[in-house]
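Trainee: Handing you this structure, nothing more for now.
The numbers here are math on the coordinates, done by the rules we state, and not lab data. Bear in mind that the values here come from a model prediction, so they are computed numbers and not experimental data. Cβ placement follows ideal geometry from the backbone for every residue including glycine, while neighbour counts extend to all protein chains displayed.
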């Protein structure tokens, strides 16, 4: 069985702006021990064919993407073709369009629209996943935006990519939300939070204050397939951060 632990390429985005640099970065990630990656943040001039070739050369699979919702909605054929090239099931978005974030009504309308897009994608073997930040924990009436997305979307097609840091940052419990999402959270963004004085910092897994025993137990309970390590900002070298997170997860017993 392949490792559950994957790397979000956004972590090393500054080293992925040319095809040559991205190929080198993928090899460095493979050398750490990661067997799969999520694509995000790379240079726009790098072609999908170059990306796939670099992943193949490094021996890493593409487990997930982040692509614009507009592409999924307006170019289904292109979205399907891209993910078929990548041999990748999980098509993720980094959040709802701005116009969807204005009210309970717009959030609910997006949940329904995205469900229709997700159903169309599912007919081609793709799984739509929604990645949250902390602003989805803002309340609109008696529900947070994340509750609206969970409750007003189609549970068969609209899936989630919960982010542990951003859930905590928004004042919610990652463990609670993982269990609420259940089978609808096949991929999870693993990200830790540390404090420097009164400042919240992104941290390597196990180097901050999140409840990793509880998070890992919840992920096991719901059957999450991939634990995708991401660190938006690193205090040192991002590749060192990815290695620390990988080693700490292995020490926690993650295979």
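Trainee: Considering every Cα-Cα pair within the range 115-199, what fraction, in whole percent, is farther apart than 23 Å?
Mentor: 25
Trainee: How far, in nm, would the chain grow between residue 84 and residue 179 when pulled straight, counting 0.36 nm per residue and subtracting the alpha carbon separation?
Mentor: Details: separation 95, 0.36 × 95 = 34.20 nm, distance 3.05 nm.
Stretched fully, the residue 84-residue 179 segment lengthens by 31.1 nm.
Trainee: If you don't mind, there's one more thing I want to ask. Using only the Cα atoms of the chain, what do you get for the radius of gyration and for Dmax, in Å?
Mentor: Both quantities, over Cα of the chain: 17.4, 51 Å.
Trainee: Calculate the FRET efficiency for residue 240 and residue 220 from the Cβ-Cβ distance with a Förster distance of 25 Å, rounded to the nearest 0.05.
Mentor: 0.35
Trainee: May I pose another question? Can you list the residues of the range 58-73 with backbone N under 20 Å from a point 7 Å past the Cα of residue 45, pointing along Cα to Cβ?
Mentor: none
Trainee: Can you pull the one-decimal nm distance between simple spin-label points at residue 14 and residue 134, each 7 Å off the Cα toward Cβ?
Mentor: In this crude label model, residue 14 to residue 134 measures out at 2.2 nm.
Trainee: A further question follows. How do the peptides 159-168, 48-57, 10-19 rank, highest first, by the average count of neighbouring beta carbon atoms within 10 Å per residue?
Mentor: Details: 159-168: 24.8, 48-57: 16.4, 10-19: 19.1.
Output ranking for 159-168, 48-57, 10-19: 159-168, 10-19, 48-57.
Trainee: In nm, give the distance between the simple-model label positions of residue 53 and residue 24, each being 7 Å from the Cα along the Cα-to-Cβ direction.
Mentor: Computed distance between label sites residue 53 and residue 24 equals 1.8 nm.
Trainee: Can you pull a Stokes-Einstein diffusion coefficient for the range 60-203 at 4 °C (1.567 mPa s), Rh from Kirkwood over Cα pairs, as a whole number of µm²/s? Walk me through the numbers on the way to the answer.
Mentor: On the way: Rh = 15.7 Å.
Result for D is 83 µm²/s.
Trainee: Oh, and also: Using alpha carbons only, how many angstrom separate the centre of the range 41-101 from the centre of the range 135-167?
Mentor: One Cα centre to the other: 22 Å.
Trainee: Shifting gears a bit: Looking at the chain only, what percent of DSSP beta bridges run antiparallel? Nearest 5 please.
Mentor: Rounded to the nearest five, the antiparallel share is 20 percent.
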